[in-house]
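Chemist: Before I ask anything, here is the structure I am working with.
The values are calculated or read from the model by the stated rules, or taken from the named source; none is laboratory data. This is a predicted model, so every value here is computed, not measured. Quick reminder, even Gly has a Cβ in these numbers, built from the backbone with ideal geometry, and neighbours come from all protein chains shown. Please note that ligands, DNA and RNA were not included when accessible areas were found on the heavy atoms of the full protein model with its side chains. Shrake-Rupley method; radii C 1.70, N 1.55, O 1.52, S 1.80 Å.
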Amino acid sequence: KRYALMLSHGLIPTYAQLPVTFEKGDGVWIYDTDGKKYLDALSGIAVCGLGHSHPEVTRTICEQAGRLLHTSNLYQIKHQQDLGEKLASVAGMDGCFFGNSGAEANEAAIKIARLYGNKQEIDNPAIIVMDSSFHGRTLATLSATGNRKVHAGFEPLVQGFIRAPYNDIEAVKNIAANNPNVVAILVEPIQGEGGINVPGTNYLPELHSICEEHNWLLMLDEIQTGNGRTGKYFAFQHHDFTPDVLTTAKGLGNGMPIGACLVAGKATHLLAPGNHGSTYGGNPMVCATALTVVNTIENEKLSDRATHLGSLIASGIEKKLSNCKEFNHVRHMGLMLGIELNTPCPELVGKALDNGLLINVTAGKVIRLLPPLIMSDTEAEEIVERVSQLVLAWAEGL
Ligand code: PLP
């Protein structure tokens, strides 16, 4: 009986899924199999930045599907080259490797750091990673992740990661003073899963300076922050430096599975024929789609829209919840928003669903909103209205 429960519908129960199935979507709206309409303030966790059924994305997918899905990385792939050039130019970096997910992009970054250290004959090259970080579910990326729950049961972890508290420059300087085998820092510009943790303005530039000083690689995980979400194409572009390695995924494909690892400067000539690869990685189908996504974000100035809409939502919610005792504060950059409450609130996800609203709760008491960049102001105001009503009703019932 237990066995039957565990493997319902032939699936290993890796996800605690909500009792809803979606059938179609249009912009910021999504419809379930009963025809009920929901406001999607989560975009499949920062994936559908262009919303659902974006006409340009749909057209590209249909055209490309009728022409060619896959060849192999044994051959040159025009769409992959075009996307590589485009992304490198947007980031001001030198080149890209394409895989199928965020974790795979981070695996490439971790391998690059190992190659970088081993080439310098550093024994056991180590990467500094941060508490409360999230980098993926493969063995190396879960080991890099700063969350015990993600490690539990999968020990022994992959070696070679040194942990530091997030947003703590002194801690990194201390590690630098005591560990000659450090070769890189891997860090999220804003921690997403960790609770929308926005570091101090100088944190990333200072990490960059430390990396320059010690000849380490600065590797930014922009899997959630990238592709326009924070108000620039990449979050590091709010500052005045370029990372050595950058990973992105999620919003890059708008739902097509793609991840990219970008390199610059001293990280550029480390991967070579034979030491890394991926069968599907960068195939014509996903690259054609991602190229449309990147061009649309640029042409429609969606990063600027993210800044505008993010401020509209954050200030709207602050205003509506200002008298609510359970409301703590809003943290946000562009359309990465965290509403911190004073009490754990995982039940809000189900209550929101009942009310036709898709949200997420992370780090126990932070409502996470990652709505699409293509929303109208009216739709953003509707998010403010629905989220505020939800919190007020919940707080009253406590
Ligand atoms: N890194 C960050 C910052 C993420 O938010 C995620 C996913 O949530 C990942 C890595 C892993 O990406 P994926 O689930 O595509 O492997």
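Chemist: What pairs come out if I take residues in the range 211-227 that are more than 16 Å from the ligand (Cβ to nearest atom) and pair them with residues that are of a type outside the set (Lys, Arg) and not in a strand (DSSP E or B) whose C-beta lies under 6 Å away, six or more apart or interchain?
Modeler: Note: pairs meeting the criteria are His214/Ala176; Leu217/Ala113; Leu217/Tyr116; Leu217/Asp244; Leu217/Ala267.
Chemist: Determine if the range 294-305 includes at least one residue that is under 25 Å from Asp168 (Cα atoms), modelled with pLDDT of 95 or more and not β-branched (Val, Ile, Thr).
Modeler: No - not one qualifying residue is present in the range 294-305.
Chemist: In the range 190-204, is there at least one residue being hydrophobic (A, V, I, L, M, F, W, C), closer than 15 Å to Met219 by Cβ and under 25 Å from the mean Cα position of the chain (by Cα)?
Modeler: yes
Chemist: With (1) more than 14 Å from the ligand (Cβ to nearest atom); (2) open to solvent by 50 Å² or more (accessible area, probe 1.4 Å) as the list, and Glu193 as the residue in question, which single condition is left unmet?
Modeler: Of the numbered conditions (1) more than 14 Å from the ligand (Cβ to nearest atom); (2) open to solvent by 50 Å² or more (accessible area, probe 1.4 Å), the odd one out for Glu193 is (1).
Chemist: Just to be sure I understand, how many residues within the range 56-71 are in contact with a Ser or Thr (Cβ under 9 Å, 6 or more places away or on another chain) and open to solvent by 30 Å² or more (accessible area, probe 1.4 Å)?
Modeler: 4
Chemist: Can you tell me which of (1) in a loop (DSSP other than H, G, I, E, B); (2) of a type in the set (A, V, I, L, M); (3) crowded, with 22+ Cβ neighbours inside 10 Å is the one Met93 doesn't meet?
Modeler: So the condition that Met93 fails would be (3).
Chemist: Somewhere in the range 54-74, is a residue in contact (Cβ under 8 Å) with a residue 60 or more places away in the chain and within 16 Å of the ligand (Cβ to nearest atom)?
Modeler: No.
Chemist: Same structure again: Might you check whether a residue that is within 10 Å of the ligand (Cβ to nearest atom), part of a loop (DSSP other than H, G, I, E, B) and open to solvent by 50 Å² or more (accessible area, probe 1.4 Å) occurs anywhere in the range 112-134?
Modeler: yes
Chemist: Of the conditions (1) surrounded by fewer than 21 Cβ atoms within 10 Å (Cβ to Cβ); (2) in a helix (DSSP H, G or I), Val172 fails just one. Which one is it?
Modeler: All conditions pass for Val172, except number (1).
Chemist: Could you tell me whether the range 39-47 includes any residue that is within 16 Å of the ligand (Cβ to nearest atom), part of a strand (DSSP E or B) and over 19 Å from Tyr233 (Cβ atoms)?
Modeler: Within the range 39-47, not a single residue is within 16 Å of the ligand (Cβ to nearest atom), part of a strand (DSSP E or B) and over 19 Å from Tyr233 (Cβ atoms).
Chemist: Given the conditions (1) buried (at least 22 other Cβ atoms within 10 Å of the Cβ); (2) more than 16 Å from the ligand (Cβ to nearest atom), report the number of the one that Ala184 does not fulfil.
Modeler: Every condition holds for Ala184 apart from (2).
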